Amino acid sequence: MFRIRTNSSHTQISTPFSHRSRTTGQKLSGSSFMAETVNPHRLQIAIVGAGIAGLSAAIALAHHPAVDVHVYERASELREIGASIALGPNGMRTLERLGVHEALDDDVAFRNKSGFPMIYRHWQTDETVSVDRHVGPVLPLHRTARFYRAHLQECLLRHVDPTKIHLGKAFRSVTSRKDTKRLVITFTDGTTSLPADIILGADGIHSAVRTYFVPESSTARTGWVAFRSVFPIEHVQHIEGLPDEASHIWGPDRTLFVSKLGRGLFTVVGSWQGRPDGSESGQVTATTTAATSEDDVYKNAVWDQEGDVEFLKSLYKDWGPVGKGIVDATPWTRVYPNAAAGKLDTWILGGDVAADASANGRDVWTVSNVGEGGFKGRVTLAGDAAHAHGGAFAAGGSLAIDDAWAFSAAIMHVFLPAPVSQPPTDENITKALRLYESTRKAHTDRVMDVVHAGNKKKAARAGGGEKVTETDEQLRERMKSRAEVAWIHEHDVVKEFDRAVKETRNGPRNTVEQS
């Protein structure tokens with residue numbers, strides 16, 4: 001078990017990897033961090049959010065001699081929140097590059113012994129109908145793995161200097177210092193950050209950083225609700241035929257994901273489809289009013305709220321003995337309502353980068369908020385904050401880790417790891433952020449296109465109010481003809497970065513036009 005918590009004067013971190021707590025010496029009380037001085041020549045980076053993307057970025061830049069990184073997290077305590085998370089070969093490879101080797105250990109990472117990333121089972125017979133396969137060469141250590149999210153966060157935290165993490169700091173706004181052009185974040189508690197040359201918004205799908213600069217990019221409910229549970233495997237070990245590999249069980253109108261996790265844990269993810277925002281038009285937008293129905297019992301659900309395990313059981317009462325047995329033995333559950341936002345036209349925020357998105361409909365949001373002081377192009381995003389697709393294909397964790405690596409690679413490419421005697425220039429900051437965007441945005445835009453297309457189909461189906469039936473033969477065919485997603489899970493971020501570097505030499509490309 002691990003915790004980072006704040007008290008009146010110190011941040012404390014303890015993990016199973018250490019036998020004593022370490023204090024940061026950084027006071028979190030008071031009105032501001034501004035009394036502290038920063039090196040005028042070193043690149044100062046403020047990361048908003050201590051999730052997977054934010055921590056990975058902090059790790060990637062930790063040893064750069066010309067960069068200082070501080071992480072600001074809205075929670076007052078980093079605690080064990082969330083449920084299971086999967087990382088594909090792309091995320092696993094990048095964790096190894098970052099030196100987070102303990103996250104690849106079988107103690108916390110569960111991999112299917114068959115080598116298949118996912119097994120697809122029938123809801124009544126429990127037979128294997130189909131499997132996912134790795135397409136390219138994948139080392140056993142990099143095969144798709146499932147984690148308890150807290151275990152993964154624990155591994156990442158071990159590699160971050162706790163003096164660089166500031167808790168209880170919820171983003172409110174950004175201003176620019178006229179003398180240095182450095183940015184200062186104001187938090188909701190009235191305090192301010194240390195001055196920064198670059199802000200990396202890694203504060204999740206409901207990103208305050210993103211919506212500050214792009215107000216129209218607020219998320220909208222897709223109607224899909226996940227019931228996630230993580231518990232000791234002893235609760236389900238009595239079930240005959242309990243899958244010993246990560247399995248996605250498909251039924252006519254819902255699915256069930258089950259898997260072992262590290263350290264003797266087991267996860268269950270049930271699903272329920274309500275009506276999405278904008279379901280009357282089959283669109284998922286950020287401005288429409290949520291459609292309601294008498295059975296839309298979770299339309300006002302809050303992320304990570306306690307769920308009704310009896311309701312979960314009712315969803316699977318007609319399933320076969322394995323699926324029903326697993327759900328019936330699930331001791332508790334928590335609710336995670338899905339949400340999504342449209343693609344951004346650019347990840348370089350702060351003005352001077354807005355594009356005409358009218359040709360792209362409401363799927364692309366333009367940048368409209370220039371910070372006080374007129375700063376331009378010194379803010380960017382990573383993880384769900386950058387690509388708020390709402391979760392699909394278990395891709396979010398790896399996308400976030402690859403974002404973090406690409407961001408750090410772009411910084412290190414432009415700001416060489418050597419002592420510096422001059423402050424960072426606007427030109428170099430823009431060059432680094434464009435290189436990062438060029439490496440990642442086209443790929444994540446493609447992911448979002450696929451996910452949003454699926455959301456629209458679900459929205460149209462839910463908005464019609466009719467129960468869609470299919471034969472068993474049709475269900476099996478749907479399972480076998482599902483989308484091929486190896487291009488997501490085996491994406492090579494290093495190769496893409498090398499390509500982006502070469503293209504940058506010939507001038508930046510227009511990411512708006514790419515798909």
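The values are calculated or read from the model by the stated rules, or taken from the named source; none is laboratory data. Quick caveat, the model's predicted, so the values are computed rather than measured. With ideal geometry, Cβ positions are generated from the backbone for all residues, glycine too; neighbour counts draw on all protein chains shown.
Just a few scattered comments:
- Selection from the range 60-101 of residues that are part of a helix (DSSP H, G or I) and among the small types (Gly, Ala, Ser): Ala60, Gly91
- Odd one out for Ala86, checked against (1) at pLDDT below 95; (2) in contact with a Lys or Arg (Cβ under 6 Å, 6 or more places away or on another chain); (3) surrounded by 15 or more Cβ atoms within 10 Å (Cβ to Cβ); (4) not aromatic (Phe, Trp, Tyr): (1)
- Some residue of the range 118-140 being at pLDDT below 95, among the hydrophobic types (A, V, I, L, M, F, W, C) and farther than 30 Å from Glu240 by Cβ: yes
- Enumeration of residues in the range 121-160 that are within 24 Å of the chain's Cα centre (by Cα) and of a type in the set (Ser, Thr, Tyr): Thr144, Tyr148
- Of all residues in the range 134-185 being among the β-branched types (Val, Ile, Thr) and in a loop (DSSP other than H, G, I, E, B), the one that is farthest from Ala75 (Cα to Cα): Val135
- Where helices (runs of 4 or more DSSP H) sit wholly within the range 422-515, those with at least 3 residues that are modelled with pLDDT of 90 or more and within 22 Å of Lys376 (Cα to Cα) occupy 426-464.
- Cβ separations smaller than 7 Å between residues 6+ apart or across chains give the following pairs from the range 194-216 residues that are free of Cβ contacts under 8 Å to residues at least 24 places away in the same chain to residues that are surrounded by fewer than 24 Cβ atoms within 10 Å (Cβ to Cβ): Thr211/Ser217; Thr211/Ser218.
- In the range 299-348, the residue that is surrounded by the most Cβ atoms within 10 Å (Cβ to Cβ) out of those that are aromatic (Phe, Trp, Tyr) and more than 19 Å from the chain's Cα centre (by Cα) is Tyr316.
- Reported count of residues in the range 221-235, each being in a strand (DSSP E or B) and over 14 Å from Trp332 (Cβ atoms), is 6.
- When Asp203 is tested against the conditions (1) at pLDDT below 95; (2) buried (at least 24 other Cβ atoms within 10 Å of the Cβ); (3) part of a loop (DSSP other than H, G, I, E, B), the lone failure is (1).
- Only listed residue being in contact with a helix residue (DSSP H, G or I) (Cβ under 9 Å, 6 or more places away or on another chain), small (Gly, Ala, Ser), without any contact (Cβ under 8 Å) to a residue 40 or more places away in the chain and surrounded by fewer than 19 Cβ atoms within 10 Å (Cβ to Cβ), chosen from Gly99, Gly136, Gly115: Gly115
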